[in-house]
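Working notes, structure below.
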Amino acid sequence: MTVQERLRPGKYRLTVEDYLRLAADGTFGDRRTELIEGDIWIMSPAHTPHARINGMLAAAIVQALAPGSGLMLLVAPSVRLFDDTMPEPDLVVAIDHREGVLPGDKVRLVIEVADSTLATDLTLKRALYARAGIREYWVVDVRGATIHQMWAPSGEDYAERRTVAFGDMLHAATAAGLSVDTAGL
């Protein structure tokens, strides 16, 4: 029996395992992709403003992480949230993890840098990260020169939030001692 004979017409949601097999086979080529609720999303290119802020924020976080905290910064890791969802956020602070896909329960902070993806990051991704129990979520609004900080996940949203302007100090709500000077952003 062939695959065509076993599958009926219709839409099929991929699992993380399906997605990883496709990626390993080179299906996506050099395109950056994410698996969101069973669907493959092609990611936007990272333009210079996005890349600059992402790099500067990464450097500031590495400098701010307390030695011996057991936390590490990861740049653009794949994070398994659910059986059908594996986004690739810009930055992640996680408990030390060195092999395979990063499980969501190791994540302490997710950061999305939004140049062209602000609406998606503040709605769909916010709901996914909250539902997955990600303790803290930052959305860096490149054009608005602000950082939307959210914590205390509750259902598909965060119970607590604040907005910090570029140039102000940003203190993580859930990672003790993690404070970032956003003056250079």
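Observations
- For the residues Asp84, Asp168, Asp157, Asp105, the requirement of being acidic (Asp, Glu) and either touching a strand residue (DSSP E or B) at 6+ places or on another chain (Cβ under 6 Å) or closer than 20 Å to Trp41 by Cα (or both) singles out Asp84.
- Every residue from the stretch 102-116 that is of a type outside the set (Lys, Arg) and modelled with pLDDT of 95 or more: Leu102, Pro103, Gly104, Asp105, Val107, Leu109, Val110, Ile111, Glu112, Val113, Ala114
- In the stretch 128-138 there is at least one residue matching the filter, namely being touching a helix residue (DSSP H, G or I) at 6+ places or on another chain (Cβ under 6 Å), buried (at least 16 other Cβ atoms within 10 Å of the Cβ), farther than 23 Å from Leu20 by Cα and not basic (Lys, Arg).
- For the stretch 96-107, a residue qualifies if it is under 15 Å from the mean Cα position of the chain (by Cα) and either surrounded by fewer than 20 Cβ atoms within 10 Å (Cβ to Cβ) or part of a loop (DSSP other than H, G, I, E, B) (or both), and the qualifying residues are Val101, Pro103, Asp105, Lys106.
- Checked against the criterion of being buried (at least 19 other Cβ atoms within 10 Å of the Cβ) and either more than 12 Å from the chain's Cα centre (by Cα) or assigned by TED's automatic domain parsing to the domain that holds Ile53 (or both), the candidates Leu122, Leu185 yield just one match: Leu185.
- Unique match (being among the aliphatic types (A, V, I, L, M) and closer than 30 Å to Tyr12 by Cβ) among Ile53, Ile134, Ile147, Ile95: Ile134
- The set of residues in the stretch 111-163 that are free of Cβ contacts under 8 Å to residues at least 24 places away in the same chain, assigned to a strand (DSSP E or B) and polar (S, T, N, Q) comprises Thr146, Thr163.
- Pairs are defined by a Cβ separation below 9 Å, a sequence spacing of at least 6 or placement on different chains, a first member in the stretch 45-70 that is assigned by TED's automatic domain parsing to the domain that holds Ile111 and assigned to a helix (DSSP H, G or I), and a second member that is buried (at least 18 other Cβ atoms within 10 Å of the Cβ) and of a type in the set (Phe, Trp, Tyr); the pairs so defined are Leu57/Trp138.
- Considering residues of the stretch 77-95 that are in contact (Cβ under 8 Å) with a residue 40 or more places away in the chain and in a strand (DSSP E or B) only, the residue surrounded by the fewest Cβ atoms within 10 Å (Cβ to Cβ): Phe82
The values are calculated or read from the model by the stated rules, or taken from the named source; none is laboratory data. Just so you know, these numbers come straight off a predicted model, no measurement behind them. FYI the Cβ positions are ideal-geometry reconstructions off the backbone, even for glycines, and counts take in every protein chain you see.
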